[in-house]
1. Restricting to the stretch 93-106, give me the number of residues that are over 19 Å from residue 54 (Cβ atoms) and touching a residue at least 24 places away in the same chain (Cβ under 8 Å).
2. Mind listing just one residue for me: the one in the stretch 107-131 that is without any contact (Cβ under 8 Å) to a residue 24 or more places away in the chain and part of a helix (DSSP H, G or I) and, of those, surrounded by the fewest Cβ atoms within 10 Å (Cβ to Cβ)?
3. Scan the stretch 76-128 for residues that are over 16 Å from residue 57 (Cβ atoms) and touching a helix residue (DSSP H, G or I) at 6+ places or on another chain (Cβ under 6 Å) and report the count.
């Protein structure tokens, strides 16, 4: 009886977990769903916003990977970093020659979202651009 209850609970846990898409067009483990990213638009070039994003990730944690998603042109760049033991994805995309959008997403190692960290990093990118 105890084994069957445990089996049912374990199966339910496995069903509720899964993978989600990241802002950099990759996938990661997730145990919760919902909004886990924040976007911001800036009247700056792609290179300026990308440099500010790299500086913010390096100031707050470790930059793990920089890449250009293979399905896109050079108008899109992505970062993967680790801040406060959370994985952080940053996507920088040129909307037009004068406007750039940055999307920030963060998840814990258990797959839960961290919107507080996402908002903080997005604001720090804006402050880095203002300097």
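1. First, the residues of the stretch 93-106 that are over 19 Å from residue 54 (Cβ atoms): 95-99.
With touching a residue at least 24 places away in the same chain (Cβ under 8 Å) added as a condition, the list becomes 95, 97-99.
The total comes to 4.
2. Restricting attention to the stretch 107-131, the residues satisfying the condition of being without any contact (Cβ under 8 Å) to a residue 24 or more places away in the chain are 108, 116, 120, 123, 127, 130-131.
Right, trim to part of a helix (DSSP H, G or I) and you get 116, 120, 123, 127, 130.
Details: 116: 10, 120: 18, 123: 14, 127: 10, 130: 8.
By that ranking, first place goes to 130.
3. Our first condition is that a residue be over 16 Å from residue 57 (Cβ atoms); within the stretch 76-128, this holds for 76, 93-101, 108-113, 115-116.
Add one more test, that the residue is touching a helix residue (DSSP H, G or I) at 6+ places or on another chain (Cβ under 6 Å), and what stays is 94, 100.
Of the residues in the stretch 76-128, 2 are over 16 Å from residue 57 (Cβ atoms) and touching a helix residue (DSSP H, G or I) at 6+ places or on another chain (Cβ under 6 Å).
All of the numbers you see were taken from the coordinates with simple rules; none came from a lab. Because the structure is predicted, anything quoted here is derived from the model rather than measured. Counting neighbours? That spans all protein chains shown, and the Cβs are built from the backbone with ideal geometry, glycine included.
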